[in-house]
Amino acid sequence: MKNNYKTIIENKSENKKMLAILLDPEKLELSTLPILVSKINQSPATHILVGGSSFDGLHLDDIIITLKKNTQLPILLFPGNPSQVSQEADGILFLQLLSGRNSDYLIEYQIDAVPLIEQTKLEVISTGYLLIESGSETAVERVSKTKPLSRSNIEYIAQTAKAGEFIGNKLIYLEAGSGAQNAVSLEIIKNVSRRISVPLLVGGGIRSKQQIDSAFEAGADMVVIGTAFENDLTFFDNV
């Protein structure tokens with residue numbers, strides 16, 4: 001089985017920037033997936049993430065099987081809860097919501113997911129997840145019942161990210177939330193990137209090619225785009 005984390009590390013060491021398309025399975029229809037994936041294949045995407053804040057896991061295997069029939073890109077689970085585990089994916093971002101203090105998202109759901117993951121051959125990639133204030137309530141905030149970190153307290157955000165690395169997280173993910181009003185600021189990305197040595201993922205509220213490039217320049221190793229692509233499948237046509 002391909003070591004996806006090793007590839008991410010190698011890309012970071014060679015300064016090869018990565019782009020992930022986040023697909024919310026709750027919004028997908030099997031009949032239209034091939035068209036969607038054809039657009040992803042024509043884009044600069046290097047990875048596909050699958051997951052959502054409130055998805056119940058129904059038909060997740062079928063969705064990923066269909067995706068894999070139509071693309072060679074690695075498919076990583078980005079689960080909002082233990083029901084979003086599928087043996088059909090290539091790996092799973094094993095998320096720890098470091099920005100909140102809801103024990104369900106700090107450790108309880110992770111414990112619940114263990115017996116499910118142990119029945120698969122999924123590559124497990126420990127990921128520290130930080131929800132950053134975005135100007136409006138996002139699905140992550142609503143479902144997790146946690147407050148995002150203040151975008152003005154950059155030092156605290158950087159310390160939280162570094163704590164995640166010290167704990168043993170292999171990735172740090174800065175998230176403004178799906179459909180966020182404001183993306184994670186470039187200043188936050190710069191400070192966190194300088195503070196940590198593990199790969200940095202940034203997502204939420206990114207709506208343009210310029211924002212993607214700016215996030216890369218600020219220090220993101222992988223940019224994740226979801227809503228903008230969902231709303232406009234021609235998003236990358238001129239890239």
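The values are calculated or read from the model by the stated rules, or taken from the named source; none is laboratory data. None of the values given here were measured: they were computed from a predicted structure. Quick reminder, even Gly has a Cβ in these numbers, built from the backbone with ideal geometry, and neighbours come from all protein chains shown. Remember, those area values only see protein heavy atoms, side chains included, never the ligands or the DNA or RNA. Shrake-Rupley method; radii C 1.70, N 1.55, O 1.52, S 1.80 Å.
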Next item on the list: Per DSSP H run of n ≥ 4, the term is -39500 (n - 2.57); total these for the chain, divide by its residue number, and report the mean residue ellipticity at 222 nm rounded to 500 deg cm²/dmol.
Entry: -10000 deg cm²/dmol
Checklist line | Accessible area per residue, Å², segment 91-239 with all protein chains present, probe 1.4 Å | finding: 45
Next item on the list: With springs connecting C-alpha atoms under 10 Å apart, model the chain as a Gaussian network and identify which of Phe78, Phe216, Phe166 has the largest mean-square fluctuation.
Entry: Phe166
Check: With the Cα gyration tensor of segment 92-135 giving a ≥ b ≥ c as the square roots of its eigenvalues, does the rule (a/c under 1.5 for rounded; else a/b larger than b/c for prolate; else oblate) give rounded, prolate or oblate?
Finding: oblate
Checklist line | Listed peptides 152-158, 90-96 by packing density, highest first (mean Cβ within 10 Å) | finding: 90-96, 152-158
Checklist line | Rel. contact order, % - alpha carbon contacts under 8 angstrom, at least six apart, segment 185-239 | finding: 37
Margin query: I want to check the label-to-label distance for Ser208 and Lys145. Put each point 7 Å from Cα in the C-beta direction and report it in nm to one decimal.
Written below: 3.9
Note to self: So for each of 133-139, 28-34 I average, over its residues, the number of other beta carbons within 10 Å; can you give me the resulting order with the highest mean first?
What the structure shows: 133-139, 28-34
Notebook entry, point to check: So which aspartates and glutamates can Lys12 reach, going by Cα to Cα under 18 Å and dropping same-chain residues fewer than 8 places off?
Noted result: Glu165, Asp213, Glu217, Asp221
Item checked: Prolate/oblate/rounded call for segment 1-55, Cα gyration tensor, a/c under 1.5 rounded -> prolate
Next item on the list: Work out the length of the dipole vector of segment 1-79 about its Cα centre, built from +1 on the beta-carbon of each Lys and Arg and -1 on the beta-carbon of each Asp and Glu, and round it to the nearest 20 debye.
Entry: 440
Notebook entry, point to check: Ser38 accessible area, nearest 10 Å², 1.4 Å probe?
Noted result: 40
Margin query: Placing unit charges on C-beta atoms (Lys and Arg positive, Asp and Glu negative, everything else neutral), compute the dipole magnitude of segment 118-232 about its Cα centre in debye, rounded to 20.
Written below: 220
Next item on the list: Rank-order 106-113, 143-150 by packing density, defined as the average count of other C-beta atoms within 10 Å over each peptide's residues, highest first.
Entry: 143-150, 106-113
Note to self: Positive end of the dipole of the chain, charges at C-beta (+1 Lys, Arg; -1 Asp, Glu), about the Cα centre: which of Ile117, Val143, Leu131 has its Cα farthest in that direction?
What the structure shows: Leu131
Next item on the list: Show the residues, 5+ positions off or on another chain, whose built amide H is closer than 5 Å to the amide H of Gly52.
Entry: Gly80
Note to self: Is there a quick way to get the dipole size of the chain? I mean about its Cα centre, with the Cβ of Lys and Arg at +1 and of Asp and Glu at -1; what is the value in debye to the nearest 20?
What the structure shows: 640
Next item on the list: Could you tell me whether the chain comes out rounded, prolate or oblate from its Cα gyration tensor? Rule is a ≥ b ≥ c as square roots of the eigenvalues, rounded for a/c under 1.5, then prolate if a/b exceeds b/c, otherwise oblate.
Entry: rounded
Notebook entry, point to check: For the cross-link pairs Lys6/Lys68; Lys39/Lys68; Lys69/Lys170; Lys16/Lys209; Lys2/Lys121, which exceed 19 Å when the distance is taken from alpha carbon to alpha carbon?
Noted result: Lys6/Lys68; Lys69/Lys170
Checklist line | Calculated FRET efficiency for the pair Glu26/Glu108, C-beta based, R₀ 25 Å, to 0.05 | finding: 0.65
Notebook entry, point to check: Expressed as a whole percent, how much of the Cα-Cα distance distribution for segment 1-123 exceeds 21 Å?
Noted result: 41
Note to self: Leaving ligands and nucleic acids out of the surface, order Glu230, Glu187 by accessible area at 1.4 Å, largest first.
What the structure shows: Glu187, Glu230
Notebook entry, point to check: Over the heavy atoms of Tyr5, what accessible area does a 1.4 Å probe trace out, to the nearest 10 Å²?
Noted result: 40
